[in-house]
1. Checking residue 246 against (1) at negative phi; (2) loosely packed, with under 15 Cβ neighbours inside 10 Å, only one condition comes out false. Which one?
2. Being closer than 11 Å to residue 328 by Cα and touching a strand residue (DSSP E or B) at 6+ places or on another chain (Cβ under 8 Å): is that true of residue 380 here?
3. So which of 260, 287 is within 16 Å of the ligand (Cβ to nearest atom) and modelled with pLDDT under 95?
4. Please tell me if residue 188 is loosely packed, with under 15 Cβ neighbours inside 10 Å, over 33 Å from the mean Cα position of the chain (by Cα) and assigned to a helix (DSSP H, G or I).
5. Would it be correct to say that residue 279 is more than 30 Å from residue 395 (Cα to Cα), within 9 Å of the ligand (Cβ to nearest atom), without any contact (Cβ under 8 Å) to a residue 40 or more places away in the chain and in contact with a Gly (Cβ under 9 Å, 6 or more places away or on another chain)?
6. Hey, does the range 164-173 have a residue that's under 30 Å from residue 228 (Cβ atoms), in contact (Cβ under 8 Å) with a residue 24 or more places away in the chain, open to solvent by 20 Å² or more (accessible area, probe 1.4 Å) and touching a Leu at 6+ places or on another chain (Cβ under 8 Å)?
7. For the range 105-129, what are the residues that are near the ligand (Cβ under 9 Å from one of its atoms) and within 12 Å of the chain's Cα centre (by Cα)?
8. On the given criteria, is residue 302 within 8 Å of the ligand (Cβ to nearest atom) and buried (at least 17 other Cβ atoms within 10 Å of the Cβ)?
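The values are calculated or read from the model by the stated rules, or taken from the named source; none is laboratory data. A quick note: this is a predicted structure, and the numbers were derived from the prediction, not measured. Note that each Cβ is placed from the backbone with ideal geometry, even for glycine, and that neighbours are counted across all protein chains shown. In case anyone asks, the SASA skips ligands and DNA or RNA and just uses the protein heavy atoms, side chains included. Shrake-Rupley method; radii C 1.70, N 1.55, O 1.52, S 1.80 Å.
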Amino acid sequence: MEYSAPRGTQDITPDESGIWQYLEATVRETMARCGYGEIRTPIFEHTEVFERGVGTTTDIVEKEMYTFRDRGDRSITLRPEGTAPVIRAYVEHRMAARPQPAKMYYIGPMFRYERPQAGRFRQFHQFGMEVVGVPGPAADAEVIATPLEVFRALGIRDVVVNLNSIGCPVCRGAYREALRQVYQPVLAELCPSCQGRYDRNPLRLLDCKSEQCRASVPEPPPIFGYLCPECASHFAELRLLLDGLGIEYVINSRLVRGLDYYTRTTFEYNVGGIGSQDAIGGGGRYDGLVEQFGGQSVPGVGVACGMERCVLAMKAEADDSRFARGITVYLVSLGDAARAKAFELAFDLRAHGISADFDMIGRGLKAQMRYADKLSARYVAIIGDDELERGAVALKDMASGSQQDVPIAQLATQLLNNR
Ligand code: HAM
């Protein structure tokens, strides 16, 4: 039998992990610069965390969760997203009593039972950030702007920001009714999911992708005419802040997103060149979520980005070679005595902070040189009987091809100086 990774999952092999590490390092560096601390929550939670947090009428909770009973007969779910766990942790650790806002970021795997395709997996990775404790739009603007900094640093260009406000429980009631009025005459022609949404969650009618629905429904009114004065001014101020940062965005009044916790701001980033799954990230405000978890009323806003999609976009737009691992020096040895010396020398160089590797297999000169090339070694240090006798190596610069003799005792210093 041949084993393979489960459908919708993938291995990140050493050939691939360079680009992932580059992405992760960029996220960590950016988050630290913006004042975010890392939070690591468990990979699994009590199922109720997501039922409460994400909402029982969402696709995620209805059909995409990996839920099972553990040996203690508790219902456990592999996390499909990061926001509900972070807010569960915020309440559990009484973070509201600490100086606000709480600015947290995370990087890690998420699990959704979706139909796999390019850019869509069952185990995927997100980096995300959450700001808890800020009612005003400065936090919304920061969580919209910060991933754009990450994308820029990664070489991902042409990201389109879609922006909307879905109001608050006060103004949303009237808008729901307005939507029902538009959809009521065509109810029988809607797709089965939308027929369910009509009663339970009419806002979600707006982001149905089915051709059947698109064709039969007249254009619904945008929500903006229904926003209460507070929501309208929050949205206007957010736009001013984004304009001030020179961030372009497209107002998209259909952008309601698939999670129930959102209030006011919703947004999504789309990028070209990575196929149909082009949403590279998204987020929004969730002013009622902390309360849902039994905390006080504390507002929050956040974003999460799909890292597999970031990697696809990085590959589509940037030169892969800059993500390669590479080492400083490969020690080529000829003969048993030289091999023993190379072994010691490699450890000595590593102790000096220099990345070094050596032949462990006893291959010939040509094969060792080819291997050094595969490793993208900057230098090759050749040790044969001759060199051993002179206490030196022949140091070859792989880019220029130039070669010089360097005494073994000075090799570390010379490599450090060449950096
Ligand atoms: P989301 O839109 O469900 O939001 O996911 C965010 C991003 O994760 C998506 O834009 C996409 O790039 C990526 N993603 C989602 N599902 C998959 C999948 N099956 N395969 C590959 N990538 C995927 C959230 O998760 C919210 N927690 C975001 C948020 C944070 N809102 C407030 N704070």
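1. Going through (1) at negative phi; (2) loosely packed, with under 15 Cβ neighbours inside 10 Å one by one, residue 246 breaks only (1).
2. On the way: closer than 11 Å to residue 328 by Cα: yes; touching a strand residue (DSSP E or B) at 6+ places or on another chain (Cβ under 8 Å): yes.
Against the criterion (closer than 11 Å to residue 328 by Cα and touching a strand residue (DSSP E or B) at 6+ places or on another chain (Cβ under 8 Å)), residue 380 qualifies.
3. Only one candidate qualifies: 260.
4. Details: loosely packed, with under 15 Cβ neighbours inside 10 Å: yes; over 33 Å from the mean Cα position of the chain (by Cα): yes; assigned to a helix (DSSP H, G or I): yes.
Here the answer is yes, as residue 188 does meet what is asked.
5. Details: more than 30 Å from residue 395 (Cα to Cα): yes; within 9 Å of the ligand (Cβ to nearest atom): yes; without any contact (Cβ under 8 Å) to a residue 40 or more places away in the chain: yes; in contact with a Gly (Cβ under 9 Å, 6 or more places away or on another chain): yes.
Criteria met by residue 279.
6. yes
7. Hits for the range 105-129 are 110, 124, 125, 126, 128, 129.
8. Details: within 8 Å of the ligand (Cβ to nearest atom): yes; buried (at least 17 other Cβ atoms within 10 Å of the Cβ): yes.
Criteria met by residue 302.
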